[in-house]
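The values are calculated or read from the model by the stated rules, or taken from the named source; none is laboratory data. The model shown is predicted, which means the values in this text are computed figures rather than measured ones. As a convention, Cβ positions derive from the backbone with ideal geometry for all residues, glycine included, and neighbour counts pool all protein chains shown.
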Amino acid sequence: MALALALVGCAGEDDATTQTFPIVEGFLGGVVADEPRAALVGRDVLASGGNAADAATAVYFSLSVTLPSSASLGGGGVCVVHDAITETVEALEFLPGAPKGGPSGASRPTAIPGNPRGFFALHSRYGSVRWSQILAGAENLARFGTPVSRALAFDLAKVGTALAADSAARRVFTRESKTRPGSVQMLAEGDFITQFELANVLARLRALGPGDFYAGQFTRTIVAAVADAGGKLEVDDLRGYVPKWRPTLAIEFGNDLAHFSPPPAAAGVVAAQVSTMLTRDDDYEDATDGERAHLLAEAFLRAFADRETWLDTNAESEPAAASALVSEERIARLWQTVQRDRHVPASTLRPAPVRRLENPAATTFVTVDRYGSAVACALTMNNLFGTGRIAPGTGILLAMAPDDRGRGPESLGPMIVMNRHNGSFRFAAAASGGAVAPTAMMNVALGALVENRSLEDAIAAKRLHHGGDPDLVYYEPGFDPERLNAMTARGHHIAPTETLGRVNAAYCPNGLPPNSASCSFRADPRGVGLAVGADQ
């Protein structure tokens, strides 16, 4: 496979788009994403000398073209970032936020776009390749077109022709029906999609940076276009939008240190609490297979019950408040009600878990470079295809404003794991699927890091989930019958469900650096993504 960056054909500042890089030989690192073409673009960046932050930025802007259903320029997200040079791990928050004026007067309440400034912040702090170089590939995909991937085709099939109610979206995402002349149908896998207006916006971002988008000539253009699409944004909403660098939630994980995104990316806290409950006294590692399934379900249940005490508070405002959510005292209090031989009913917990609506539409990716730097990201539009409308003249699919009906960051929460003695990279993952996202990620992380499975086995293994309300353990068909019997013998009620989340992950059991030979990269077989990595 040719691995040269597709950087020719776009005018820009100086000779940025015709700059060339030496092709790296040997171990490159790897990229895992829900949409294959974006993963290949990220790998090309690694092959051309870029680092994990460069690759992550390139993957994102490619996703804004190839998977706008979850990754449009109008959306946002959260990343956990490890930089091997500075030996730091941070969380970057750039969520699609609510306008200060609220939804009044808007038929389609629209979020403030977070992705352009968010990935500029990531690249500015940790990138090594020129910004204009990184964006050129995405611009070319939009301008010259690309086949619709299976990932985008699946999302288009979910919404049907409802998306075609918006004239701008209809021009992008539909074609004339071959069987019913005069009518349209959604693009299918393999159909060619071009996005000229989006390409022009990407060209401005490439040449001028996000300043023009948030506080320049383009700002009033996007504000007016949002109004035309039924939304409401003010110039000050864009000017005042700033991504936030936050300390991670860091917990001991055996000989490792696991880093999770802090609130308001709520899934990070759920996953961190589950990790701490199960590894603090080696309860999970020393258990039988049947006991492990029981303990996993009980940990999930308690993390979701505890979420009711902090989810609607301002826990994200101060690092100390966030770190208190995984304190030794809190975890001990959560775990003290667990019985190894029986299930404790959810109704007896205080507080008891509460069922919440959670938007399952998100996309994730992981990038790792040859030096052990890593980025794990989860992105959302707060709804599949956001508001379902494109801001006229811009090609930007608009994200839905967050609300109290599940359209928000509750299901976001990537993680990165480092060896706490030498700082080498060990594991990174991010998951999507709504409420099941953090439990899916922990099924995989525990399988790899505690049960010592290969990443391939850990990510393919059948999963279970307990969200608290209803008091049911959901499991994927094919889950080990003996483990299910062990759970029912302990009083669990169980129910099958088709799939539980989608996880993208990278795993270097022996640490990176220096042991690149141990590294593997896997996209979840429940999806249609792609993992690329290893040697060039």
* Asked: Which ranges mark the strands (runs of 3 or more DSSP E) fully within region 353-433 that have 3 or more residues being closer than 14 Å to Gly77 by Cβ and not assigned by TED's automatic domain parsing to the domain that holds Asp44?
  -> 425-432
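Restricting to region 87-131, and then to whatever is among the polar types (S, T, N, Q) and either assigned by TED's automatic domain parsing to the domain that holds Phe260 or at pLDDT 95 or above (or both), can you tell me which residue is nearest to Ala203 (Cα to Cα)?
The selected residue is Asn115.
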* To do: Please state which one of Ala299, Ala322, Ala332 is part of a helix (DSSP H, G or I) and closer than 29 Å to Asn115 by Cβ.
  => Ala322
* Could you list, in sequence order, the residues of region 200-230 that are within 25 Å of the chain's Cα centre (by Cα) and part of a loop (DSSP other than H, G, I, E, B)? -> Gly209, Pro210
* Tell me which residues, restricted to region 282-296, are of a type in the set (A, V, I, L, M, F, W, C) and assigned to a helix (DSSP H, G or I). => Ala293, Leu295, Leu296
* Within region 137-160, track down each residue that is among the basic types (Lys, Arg) and under 21 Å from Gly433 (Cβ atoms). => Arg150, Lys158
* Asked: List, please: which pairs have Cβ atoms under 6 Å, are six or more places apart or on different chains, and start with a residue in region 103-120 that is without any contact (Cβ under 8 Å) to a residue 24 or more places away in the chain and end with one that is part of a loop (DSSP other than H, G, I, E, B)?
  -> none
* If you scan region 43-64, which residues turn out to be surrounded by 24 or more Cβ atoms within 10 Å (Cβ to Cβ) and of a type in the set (Ser, Thr, Tyr)? -> Thr57, Tyr60, Ser62, Ser64
* Asked: What is the one condition in (1) over 25 Å from the mean Cα position of the chain (by Cα); (2) buried (at least 20 other Cβ atoms within 10 Å of the Cβ); (3) in a strand (DSSP E or B); (4) not polar (S, T, N, Q) that His259 does not satisfy?
  -> (1)
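Among the residues of region 437-461, which ones are polar (S, T, N, Q) and without any contact (Cβ under 8 Å) to a residue 60 or more places away in the chain?
Asn452
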* Members of region 375-390 found to be farther than 24 Å from Ala121 by Cα and among the polar types (S, T, N, Q), listed by number -> Asn383, Thr387
